[in-house]
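To keep things clear, I will list the structure first and then write my remarks on it.
Every number in this text was worked out from the coordinates using simple rules, so none of it is lab data. These numbers come from a predicted model, not from an experiment. Neighbour counts are summed over all protein chains in view; Cβ atoms, including those assigned to glycine, are modelled from backbone coordinates with ideal geometry.
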Amino acid sequence: MSRLEFQSRREAGLAALYLGVFATIWFSVPAAEQPLRALLVVASGAALVAAVIGAVVVARSRGAVAHDRAADRRYLLIVLAEFAAAGLGAVVLALVGWSEFIPVLVCAVVGLHFFPLVPVLRDPLLRPLGAAMCVVALAGLVTALATAVSAGLVVGTGAGLLLLGYAVLALLRTARQR
């Protein structure tokens, strides 16, 4: 098996399911005018379709699933740390009056959390996804500081597109595993 393939169709389906759902959430962040608003709604719909297809792949892959309890624990700790960092950071930004930068922080935390997940999920393609998410967060910050464009518009659109793209890639990878 190539290092660039998921260990199972089930894991690829889970990736498409989770990232499709989160792409949908990111596409709902920006307050955009038409025609971008319509494009974000279409992209959100596409992300939901990817999530549903991922769920179908998971459901059809329900054979004997070997669980690695240590990996499951590491995954849970990484995700809990991600939520704690994003939540605490969002509260701090809101308290100091910088709420418009919450999407930037959350996107950066999400991007960073992909790096420790690489060995846990055995998916090296999470590295470029994490790096790209961090670049989107930085682009949102710079854009908001230098222009009248909101950070949420840049980050929500960029993060949504990256996660949707990865969800579609995961589904394509399942097709090759048949």
- Cα-based shape type of segment 126-167, given that a ≥ b ≥ c are square roots of the gyration tensor eigenvalues and the cut on a/c is 1.5: oblate
- Message: Can you tell me how segment 59-164 classifies by the Cα gyration tensor, rounded, prolate or oblate, using a/c under 1.5 as the rounded cut?
- Response: prolate
- Item | Of [x] 1.00; [y] 1.07; [z] 0.95, the label for Rg/Rh (Cα atoms, Kirkwood Rh) derived from the coordinates | [x]
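Using only DSSP helix segments of four residues or longer, with each worth -39500 (n - 2.57), what per-residue ellipticity at 222 nm results for the chain after dividing by its residue count and rounding to 500?
When only DSSP H runs of four or more count, the value is -27000 deg cm²/dmol.
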- Message: Need one word for segment 73-129: rounded, prolate or oblate. Basis is the Cα gyration tensor (sqrt eigenvalues a ≥ b ≥ c); a/c below 1.5 gives rounded, then a/b vs b/c decides.
- Response: oblate
- Item | Loop-resident sites, segment 34-112, for chymotrypsin sites (Phe, Trp or Tyr not before Pro), counting at most 15 other Cβ within 10 Å (DSSP) | W98
- Task: Treating only the Cβ atoms of Lys and Arg (+1) and Asp and Glu (-1) as charged, compute the dipole magnitude of the chain about its Cα centre; round to the nearest 20 debye.
- Result: 780
